[in-house]
Structures are given as C-alpha cells and as structure tokens.
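S.K.: I have a structure here, written as structure tokens, and I will follow up with some questions on it.
The values are calculated or read from the model by the stated rules, or taken from the named source; none is laboratory data. Keep in mind that what you see is a predicted model, and the values were worked out from it rather than measured. Cβ: placed from backbone, ideal geometry, glycine included. Neighbour counts: every protein chain shown. The area values use the complete protein model at the heavy-atom level, side chains included, leaving out ligands, DNA and RNA. Shrake-Rupley method; radii C 1.70, N 1.55, O 1.52, S 1.80 Å.
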Amino acid sequence: MILTTATALLAMACGSGKDGSVTAQQPVTGIDWTVDSVTVDGTTHRAPAPAHVKIEDGRAAGSYGCNQFSATAQVTGDEIRLSHARSTRMACDEARMTFERALARTLAAGPLTTRTEGRNLTLTTPGGDRVQLSRK
C-alpha cells in the first residue's frame, strides 16, 4: 500500500506519458530560451531573431524582439507568473512592435502553465494563448 501510494504521488508530480509511463518535467529555469512564436486568439506570430528569455533566481530577463525586458518571476510547480515587467522603449519596424506587444501581453497574462518536450518549452495562458520557445 505504501509503495503504491508513493508511486502514485511520483506519477502526479512528474506527469504521465501517453503510454502510462512516468515522465519527468524538465526544468525551465537557468536556461537561455529562444522565443520561436506567440499564438494569440488562434493566430501565430513568428518571433524576430533576437527574442529570448532566461528565468533564474526569481527574475526573468530577455528581449521581446526589439526591446529588452526584465520582470519578477515566480515559479511554482509547472506554473510561472511574471510580474512587474520593465522594458526599454526603442522603436522598431511595425512587424517587430506588433510581435513585441503580443508577447509582452501573453507573458503577463497570469499564471503560465509550462510544458517541456525535448528542447522545447510551451507557456500557456489560462485563456489558451501560447508562447513557443526552444533551447538556445
């Protein structure tokens, strides 16, 4: 009984694969992530090359694609909450600025559920919008 309970708790903490196997959620902190895209209201926007983020020691920092940003980051289980974001105020072409506004809103949209798969990370808002990232 104790072994069965411990196994069930481990499976809940780590997650389950589709075949019933136990899979461990990879860490998301301390990694340089390249932002690949952001999907808002069903429309996917490809990220400009410099968009990236790193979450470490209670902070998030990176580039929205034009402007640099930093924020407070609270990581709890498989959720990340970014708050108190600050950014530079450079002007870039309209495509970068449109992407930047969408990414900034998505990252600040409440607790983001994390899901890692291989070298990829997906951050999902409560409303279903997503940010796709990959390891640099």
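S.K.: Looking only at the stretch 30-44, which residues are open to solvent by 60 Å² or more (accessible area, probe 1.4 Å), in contact (Cβ under 8 Å) with a residue 12 or more places away in the chain and closer than 16 Å to R130 by Cβ?
M.R.: Applying the first criterion (open to solvent by 60 Å² or more (accessible area, probe 1.4 Å)) to the stretch 30-44 yields 32, 41-44.
Pick out the ones that are also in contact (Cβ under 8 Å) with a residue 12 or more places away in the chain and you get 32, 41.
The one that is open to solvent by 60 Å² or more (accessible area, probe 1.4 Å), in contact (Cβ under 8 Å) with a residue 12 or more places away in the chain and closer than 16 Å to R130 by Cβ: D41.
S.K.: Restricted to the stretch 90-136, and to residues that are among the hydroxyl-bearing types (S, T, Y) and closer than 19 Å to C66 by Cβ, which residue is farthest from the chain's Cα centre (by Cα)?
M.R.: Our first condition is that a residue be among the hydroxyl-bearing types (S, T, Y); within the stretch 90-136, this holds for 98, 106, 113-114, 116, 122, 124-125, 134.
Okay, now just the ones that are also closer than 19 Å to C66 by Cβ, so 98, 106.
Details: T98: 19, T106: 10 Å.
Going through the qualifying residues, I end up with T98.
S.K.: Only one residue in A91, A13, A24 is touching a helix residue (DSSP H, G or I) at 6+ places or on another chain (Cβ under 7 Å), modelled with pLDDT under 95 and either assigned to a strand (DSSP E or B) or farther than 19 Å from Q132 by Cα (or both). Which one?
M.R.: On the way: A91 fails: touching a helix residue (DSSP H, G or I) at 6+ places or on another chain (Cβ under 7 Å); A13 fails: touching a helix residue (DSSP H, G or I) at 6+ places or on another chain (Cβ under 7 Å).
On inspection, the qualifying residue turns out to be A24.
S.K.: Check off (1) outside any strand (DSSP E or B); (2) open to solvent by 20 Å² or more (accessible area, probe 1.4 Å); (3) touching a Phe, Trp or Tyr at 6+ places or on another chain (Cβ under 8 Å); (4) not hydroxyl-bearing (S, T, Y) for A61 and give me the number that stays unchecked.
M.R.: Result: A61 fails condition (1) only.
S.K.: G128 fails exactly one of the following numbered conditions: (1) modelled with pLDDT under 95; (2) on the phi > 0 side of the Ramachandran plot. What is the number of that condition?
M.R.: Tallying (1) modelled with pLDDT under 95; (2) on the phi > 0 side of the Ramachandran plot, G128 fails exactly one: (1).
Results for (1) over 17 Å from T34 (Cα atoms); (2) open to solvent by less than 40 Å² (accessible area, probe 1.4 Å), shown as yes or no for each residue.
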position: D93; (1), (2): yes, no
position: L103; (1), (2): no, yes
position: R115; (1), (2): no, no
position: G118; (1), (2): no, no
position: D129; (1), (2): yes, yes
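S.K.: Another question about this same structure. List pairs: first residue in the stretch 74-97 and in contact (Cβ under 8 Å) with a residue 40 or more places away in the chain and within 19 Å of A61 (Cβ to Cβ), second residue of a type in the set (F, W, Y) and assigned to a loop (DSSP other than H, G, I, E, B) anywhere in the structure, Cβ distance under 9 angstrom, at least six positions apart or on different chains.
M.R.: Note: pairs meeting the criteria are R96/Y64.
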